[in-house]
Amino acid sequence: MQRYAEPMARLIEELKKLPGVGSKSAQRYAFHLLRSTDEDAAALADAVRALKASLRLCSVCNNVTDVDPCAYCANPVRNQRLVCVVEEPTSIASVERTRGYAGVYHVLHGTLSPLHGVGPEQLRIGNLLDRVERGEVDEIIVATSPTLEGEATASWLAATLRRASASRATQPSAAQPSAALRITRIATGVPAGSDIEYADEVSMARSMEGRREL
Ligand SMILES: [Zn+2]
């Protein structure tokens, strides 16, 4: 492999860490940046720095946000008692495209994947269980992808949520017994084995409407 001056080699190494970027692309990007104006290169570096400095996870739903709680959790027009659970922050866009969903979200930041060493403790679910235990949720729509990992995550989630909901029912502090938590799963309008991120809005809307009890 060709040897580059240290700053170039360093940039190529960093670029190779991006998903889908191999050695060839990384070299192409690095040389493109070398040829670009100082302003363009600085704008890119600034954007990366600002991303890490100003963005954080919403303390309620784990969505990526620059304000906490995020725009969805802070929106009084949205039904805060209807929660759609998705794998990644980017999955929210797929549900929003349907324009038919007026609830809020919860982002797991992954799916169960024993092969890749992702167990329940790696998923962000604590704040959702807290919401359920406080009786703040009427229905949870599990919108993980219809892949093996997504389905396994949905089953595990349903069992865990049911336990959290049951522990609330036995708490003496619960003012009055509230209606049982509804846990639903999106229908398979999203093609099986595919990622919901690539679902078009019509199939996504259908799969939200056709959701079934889990
Ligand atoms: Zn939020």
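The values are calculated or read from the model by the stated rules, or taken from the named source; none is laboratory data. Model, not experiment: these values are computed from the prediction. Every residue, glycine as well, gets a Cβ built from its backbone with ideal geometry; the counts of neighbours run over all protein chains shown.
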Conditions (1) away from the ligand (no atom under 11 Å from the Cβ); (2) farther than 30 Å from ALA152 by Cα; (3) assigned by TED's automatic domain parsing to the domain that holds LEU161 -> GLY22 fails only (3)
Identify, by number, the condition in (1) in contact with a Leu (Cβ under 9 Å, 6 or more places away or on another chain); (2) more than 14 Å from the ligand (Cβ to nearest atom) that ASP38 doesn't meet.
(1)
Answer from ASP195, ASP138 - the residue that is at pLDDT below 90 and of a type in the set (Asp, Glu)
ASP195
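Quick check on my filter: what residues within the range 55-85 are farther than 21 Å from ASN127 by Cβ and not assigned by TED's automatic domain parsing to the domain that holds GLU151?
Result: no residue meets the conditions.
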Sort out which residues of the range 111-150 are more than 25 Å from ARG81 (Cβ to Cβ) and surrounded by fewer than 20 Cβ atoms within 10 Å (Cβ to Cβ), and write them in order of number.
SER113, PRO114, LEU115, HIS116, GLY117, VAL118, GLY119, GLU121, GLN122, THR147, LEU148, GLU149
Farther than 24 Å from ALA152 by Cβ, touching a residue at least 60 places away in the same chain (Cβ under 8 Å), in the same structural domain as ALA180 (by TED's automatic domain parsing) and not hydrophobic (A, V, I, L, M, F, W, C) - does that describe any residue in the range 86-94?
no
Anything in the range 117-145 that is in a loop (DSSP other than H, G, I, E, B) and under 15 Å from the mean Cα position of the chain (by Cα)? List them, or say none.
LEU123, ARG124, ILE125, ALA143, THR144, SER145
Residue pairs qualifying under the 8 Å Cβ cut-off, at least six apart or on distinct chains, with the first in the range 159-186 being on the phi > 0 side of the Ramachandran plot and outside the structural domain of ALA199 (by TED's automatic domain parsing) and the second being modelled with pLDDT of 60 or more and in a strand (DSSP E or B), are none
Evaluation of CYS84 against (1) closer than 30 Å to LEU214 by Cα; (2) at pLDDT below 95; (3) touching a helix residue (DSSP H, G or I) at 6+ places or on another chain (Cβ under 7 Å) (one fails), failing number:
(2)
Can you list residue pairs whose Cβ atoms sit under 7 Å apart, with the first residue in the range 51-71 being among the acidic types (Asp, Glu) and the second being near the ligand (Cβ under 9 Å from one of its atoms) and assigned to a loop (DSSP other than H, G, I, E, B)? Count only pairs 6 or more apart in sequence or on different chains.
ASP68/CYS58; ASP68/SER59
Filter the range 80-100 down to the residues that are among the charged types (D, E, K, R) and away from the ligand (no atom under 16 Å from the Cβ), then identify the one that is surrounded by the fewest Cβ atoms within 10 Å (Cβ to Cβ).
ARG99
Across the range 160-174, what is the total count of residues that are part of a helix (DSSP H, G or I) and at pLDDT below 65?
1
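Here's the yes/no breakdown for (1) within 12 Å of the ligand (Cβ to nearest atom); (2) touching a Lys or Arg at 6+ places or on another chain (Cβ under 9 Å); (3) at pLDDT 95 or above; (4) within 25 Å of GLU13 (Cα to Cα):
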{"position": "ALA43", "(1), (2), (3), (4)": "no, no, yes, yes"}
{"position": "ARG49", "(1), (2), (3), (4)": "no, no, no, yes"}
{"position": "LYS52", "(1), (2), (3), (4)": "no, no, no, yes"}
{"position": "ASN62", "(1), (2), (3), (4)": "yes, yes, yes, no"}
{"position": "ARG78", "(1), (2), (3), (4)": "yes, no, yes, no"}
{"position": "VAL104", "(1), (2), (3), (4)": "yes, yes, yes, no"}
{"position": "VAL107", "(1), (2), (3), (4)": "yes, yes, yes, no"}
{"position": "GLY110", "(1), (2), (3), (4)": "no, yes, no, no"}
{"position": "GLU121", "(1), (2), (3), (4)": "no, no, no, no"}
